[in-house]
Amino acid sequence: MEIKRGVAVSPGVAIGPAWILDREEVNVRQRFIATGTYPQEIERLDRAIEAAAREAREVQRVVADRLGEQYGAIFGAHAALIEDPRLRQEIASEIRYHSYTAEQALDRVIRRRLRALASLNDRIIADRQSDLRDIEKRLLRQLAGQRHEQLQKLTEPVVLLAHDLTPSETAQLDRQHILGFATEVGGRTSHTAIVANALGIPAVVGLGMFLTDVSGGDLVIVDGNRGVVILDPDEETLQHYRRIQQAQVGHERELDELRNLPAVTRDGVRIYLLGNIEFPEEAAQILERGADGVGLYRTEFLYLGRKEDPTEQEHFEAYLKVLRQLPGKPIVIRTLDVGADKFSSVTDPEIQERNPFLGVRSLRLCLRNKNLFRVQLRAILRASAYGDIRIMFPMVSTISELREAKLLLYDVMEELSEEKVPFNHRIPVGTMIEVPSAALMAEGLAKEVDFFSIGTNDLIQYVLAADRTNENVAYLYSASDPAVLRLIDHVVRAAERAGISVNVCGEMSAEPMYAFVLIGLGLRQLSAAPHAIPEVKRLVRSITIEEARRAAETVLQMETAQDITTYLRDQIRRILPEALAI
Ligand code: PEP
Ligand code: MG
């Protein structure tokens, strides 16, 4: 038995025979053409480009119908890449001047681009590499006159293992036959991860090289809850996971029944459970899972797969779409959090950063790029005339920065008033607390806003100086770390003193053991991915505030993440013995 650890991107457990997707699905056999025949070869290339672009557009249509426009747009961008005249020119030159076959020329050009991207050593760019591989495969398939039908030919349920899966391969996976998948590369924010989550296929990515350790047909377990893949499991592990799977089915049915029950502790305290969404289409899940509203709408996903910035109207329509699906419910719209690991296409190409997580990302980028920011602020304000919209600024580091953002917001309000455009003049304004400086200055920040939302995903990485996307420092990156918990405690106390509400919208809220300690620290609002809401609700309904408070007091006295994790796990085993992802 071998255990591999990666990044959990889509929850659930899959057990089945491995099916390995060949790294070189299309062989490039013939390398050269006869001298003087390059015009015919270039014509062949042109036909392939046309057909591949048509195919990508067709995928765009199918995916848009199945999952929504935002997902389809990924393949619209692929079509545009395939048709890029510079790409065609580069390949045609290789054919003309080196007598390479179209396949060989394409291979050389794509490899060159991949190398150039790899030399930038940037994670988001790594995600773009899979887009390039995707279009290469599409073109090669056309050139070879053969369709890549491997994935479609499956007749038995399997666990798919691959070096990488492109977004289009993922979006077209057949849920009947693909029980789960695991890849060697990939990060949390890759298109592949986003699509896997939307399809509900358990998935783990970023496992590092492991395909050489496994053969097709070997038994594999993909644990999408914990980001673990087990090759050739021993009998005990297999039984353990089979029990989890069985429990999961019954458990989900039970959780479904919780949908219409309030999230109230055994001693009668109401906890507000909100959902995190990336796309307007996900708003339906907020209702399905019995959440109280949207605690975090990551609006930067409007940029997914696009070359042009979304217009004010596109922003506005996306917000209204969420609003219409959730009448009367609060919707916290977070302003653009682009840069670093997310959608760097909108970041300024002039800025070459050694350390993007500490660079011009998020609010910093918006304040440098006020026109871009104003477009979004106008759209949010306009949408606020139609429902309970709240606005939240991400990555605030200083009070001055928050003030600058607010000034811009007021300026946009004035502009809309002059234009007689309706909006909510009292729109609640909040700030995320996800930078240690903001946490330490919570007292002052609290005077400036109506609410706080603690972004533990980033707060943990900045407190511990451990990149949240780097598996090599994952041992440091822990929500159990006493420094993290003490800082959260500090923020909650500041919010309480100022009489403003405070929420936690990082992944921490989604895990029962952390939800328990957060409630103990005084949190009365938690925001998590919609699929996690029922489990957190079950926890809330199983505890008393008093026991949560005692647990929080205990962990605040502890000195290591290990001790805290052990203690909290024991508590959860006692409270929710059937809880899964622990
Ligand atoms: C966070 O940092 O905790 C958060 C919720 O934001 P994101 O994961 O989008 O950075
Ligand atoms: Mg964040």
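The values are calculated or read from the model by the stated rules, or taken from the named source; none is laboratory data. Every value quoted in this text rests on a predicted model; they were computed, and no experiment measured them. All Cβ positions, glycine included, derive from the backbone under ideal geometry; neighbour counts span all protein chains shown.
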Members of segment 461-475 found to be surrounded by 16 or more Cβ atoms within 10 Å (Cβ to Cβ) and either at pLDDT below 95 or acidic (Asp, Glu) (or both), listed by number: Gln461, Ala466, Asp467, Arg468, Thr469, Glu471, Ala474
What number of residues within segment 383-424 are in contact with a Ser or Thr (Cβ under 8 Å, 6 or more places away or on another chain) and not small (Gly, Ala, Ser)? 10
Flag if Asn472 is away from ligand 1 (no atom under 14 Å from the Cβ), in the same structural domain as Tyr272 (by TED's automatic domain parsing), of a type in the set (S, T, N, Q) and outside any loop (DSSP other than H, G, I, E, B): yes
Residue by residue through segment 189-238, note down the ones that are touching a helix residue (DSSP H, G or I) at 6+ places or on another chain (Cβ under 8 Å) and part of a strand (DSSP E or B). Ala203, Val205, Leu219, Ile221, Asp223, Ile230, Leu231
Can you name the residue in segment 367-398 that is at pLDDT 95 or above and under 30 Å from Ser119 (Cα atoms) and, of all such residues, is farthest from ligand 1 (Cβ to nearest atom)? Leu367
Of all residues in segment 437-460 being surrounded by fewer than 22 Cβ atoms within 10 Å (Cβ to Cβ) and in contact (Cβ under 8 Å) with a residue 60 or more places away in the chain, which is farthest from ligand 1 (Cβ to nearest atom)? Asp450
Within segment 362-377, residues more than 16 Å from ligand 2 (Cβ to nearest atom) and more than 18 Å from Pro280 (Cα to Cα) come out as Leu367, Arg368, Asn369, Lys370, Asn371, Leu372, Phe373, Arg374, Val375
Look at segment 549-578 and say how many of its residues are under 21 Å from Asp267 (Cα atoms), in contact (Cβ under 8 Å) with a residue 60 or more places away in the chain and small (Gly, Ala, Ser). 1
Determine the pairs where a residue that is closer than 21 Å to Arg324 by Cα, located within segment 364-385, has a partner that is buried (at least 19 other Cβ atoms within 10 Å of the Cβ) and of a type in the set (Gly, Ala, Ser) with Cβ atoms under 7 Å apart, the partner being 6 or more residues away or on another chain. none
Conditions: (1) away from ligand 2 (no atom under 16 Å from the Cβ); (2) crowded, with 22+ Cβ neighbours inside 10 Å; (3) in a helix (DSSP H, G or I). Ile488 meets all but one. Number of the miss? (1)
Is it the case that some residue within segment 493-501 is within 14 Å of ligand 1 (Cβ to nearest atom), of a type outside the set (S, T, N, Q) and either free of Cβ contacts under 8 Å to residues at least 12 places away in the same chain or touching a strand residue (DSSP E or B) at 6+ places or on another chain (Cβ under 6 Å) (or both)? no
